[in-house]
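One structure is given here, and the rest of the page talks about it.
The values are calculated or read from the model by the stated rules, or taken from the named source; none is laboratory data. Model, not experiment: these values are computed from the prediction. Quick reminder, even Gly has a Cβ in these numbers, built from the backbone with ideal geometry, and neighbours come from all protein chains shown.
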Amino acid sequence: MLRVGLIQLCAGRDPQANLQATEALVRQAAGEGARFVLTPEVTNCVTSDRAHQAAVLHPQETDPTLARLRQLAAELGIWLLIGSLGIKTTDADGRYANRSFMIGPDGALRAHYDKIHMFDVQVSASETYRESASYRPGNRAVLCQTDFAAVGMTICYDLRFAHLHRALAQAGAQILTVPAAFSPVTGAAHWQVLLQARAIETGCFVLAPAQTGLNDTHNGAQRRTYGHSMVLAPWGEVLLDAGTAPGAYCIDLDLAQVEQARLRVPALGHDRSFDGPDHV
């Protein structure tokens, strides 16, 4: 059995306050026996204010949240997925990376993944997002081999792109991670069903730690995130739904279920090439 801990945060614009909340919950999860702990997307700072991002974000080499959480993973002897951090890059246009980090139980950085798909959408007349204004997309899928399983790393809006998760599973992933900061509108409509679909299509466990509640973003403005951190089994069952309260949520996984699900429906080996579609 693998005991995992999902951290559900209500992060805001202050990286230091977010770090303190994150550390306390990671310690709680490890204290409850979690060997693999996961935090949500934008663990360090939830804001779309470019001026504030410029003031508080750091390059990977000097990021204080990353440095502290690496120390914490080593202290606790756990695998730690930092769902994502806003990271300064050297890009000429000044955009940041939305970057997920896998930290080993020795505190070493084992892998990192830059979110590929940017959340540029108009959910409603009053709710519009343009992630690409602040963050530049990544271009590489990442599979991290841990001492318990191969983990495919994705982030939030990536969830809508089945081919990415299928490619990770066909490359050997047994666990898919989907740290998120989902909007309430799309969360209520699509979050659970998309997580279930990705689990069923790939025969993977899907671990999805999420931001929740009213996130203080800038100048008194608030953004609401959906919460409902979830764990899905390879057959599609919802094993954990954390609801909307911040906290550390732990559960045991039987990794043998991955092979069992794939033997029952071996769809990962049934791809066929095809022509078209034809325009008729």
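No other residue among H228, H279 is in contact with an Asp or Glu (Cβ under 8 Å, 6 or more places away or on another chain), outside any strand (DSSP E or B) and either surrounded by 11 or more Cβ atoms within 10 Å (Cβ to Cβ) or not hydrophobic (A, V, I, L, M, F, W, C) (or both) apart from H228. Looking at L176, L109, L207, just one residue is at pLDDT 95 or above, more than 27 Å from E75 (Cβ to Cβ) and aliphatic (A, V, I, L, M), and that residue is L176. Criterion first (modelled with pLDDT of 95 or more, surrounded by fewer than 22 Cβ atoms within 10 Å (Cβ to Cβ) and part of a helix (DSSP H, G or I)) does A21 satisfy it? Against the criterion (modelled with pLDDT of 95 or more, surrounded by fewer than 22 Cβ atoms within 10 Å (Cβ to Cβ) and part of a helix (DSSP H, G or I)), A21 qualifies. Where residues in region 49-65 are buried (at least 17 other Cβ atoms within 10 Å of the Cβ) and not β-branched (V, I, T), which of them is modelled with the lowest pLDDT? Among them, the one singled out is Q53.
If the condition is being part of a helix (DSSP H, G or I) and closer than 18 Å to T177 by Cβ, then region 25-39 contributes L25, V26, A29, A30.
Residue by residue, here is whether (1) over 20 Å from A111 (Cα atoms); (2) under 14 Å from the mean Cα position of the chain (by Cα) holds:
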site: D147; (1), (2): no, no
site: Q170; (1), (2): no, no
site: G187; (1), (2): yes, no
site: A199; (1), (2): yes, no
site: N215; (1), (2): yes, no
site: R224; (1), (2): yes, no
site: G227; (1), (2): yes, yes
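Taking the criterion of being among the charged types (D, E, K, R) and free of Cβ contacts under 8 Å to residues at least 24 places away in the same chain, the only residue of region 110-129 that qualifies is D120. At least 2 residues being among the polar types (S, T, N, Q) and under 25 Å from L6 (Cβ atoms) is the threshold, and among the strands (runs of 3 or more DSSP E) wholly inside region 55-126 those reaching it are 97-103.
What are the residues in region 114-129 that are crowded, with 17+ Cβ neighbours inside 10 Å and touching a Phe, Trp or Tyr at 6+ places or on another chain (Cβ under 8 Å), if any? Those that are crowded, with 17+ Cβ neighbours inside 10 Å and touching a Phe, Trp or Tyr at 6+ places or on another chain (Cβ under 8 Å): K115, I116, H117, M118, F119, Y129.
Going through region 8-18 one residue at a time, which ones are of a type outside the set (D, E) and either part of a loop (DSSP other than H, G, I, E, B) or touching a strand residue (DSSP E or B) at 6+ places or on another chain (Cβ under 9 Å) (or both)? Result: Q8, L9, C10, A11, G12, R13, P15, N18. Scanning region 231-270 for residues that are of a type outside the set (G, A, S), in contact (Cβ under 8 Å) with a residue 24 or more places away in the chain and part of a loop (DSSP other than H, G, I, E, B) returns P234, W235, T244, P246, D254, L255, V265. Checking region 201-209 against the condition returns a match, with at least one residue being in contact (Cβ under 8 Å) with a residue 40 or more places away in the chain, farther than 22 Å from R99 by Cβ and among the acidic types (D, E).
Answer yes or no as to whether V42 is buried (at least 24 other Cβ atoms within 10 Å of the Cβ), touching a strand residue (DSSP E or B) at 6+ places or on another chain (Cβ under 9 Å) and at positive phi. Before the answer, list the steps.
On the way: buried (at least 24 other Cβ atoms within 10 Å of the Cβ): yes; touching a strand residue (DSSP E or B) at 6+ places or on another chain (Cβ under 9 Å): yes; at positive phi: yes.
Considered against the rule, which asks whether it is buried (at least 24 other Cβ atoms within 10 Å of the Cβ), touching a strand residue (DSSP E or B) at 6+ places or on another chain (Cβ under 9 Å) and at positive phi, V42 comes out as yes.
Take the conditions (1) assigned to a loop (DSSP other than H, G, I, E, B); (2) under 14 Å from the mean Cα position of the chain (by Cα); C45 misses just one of them, which is (2).
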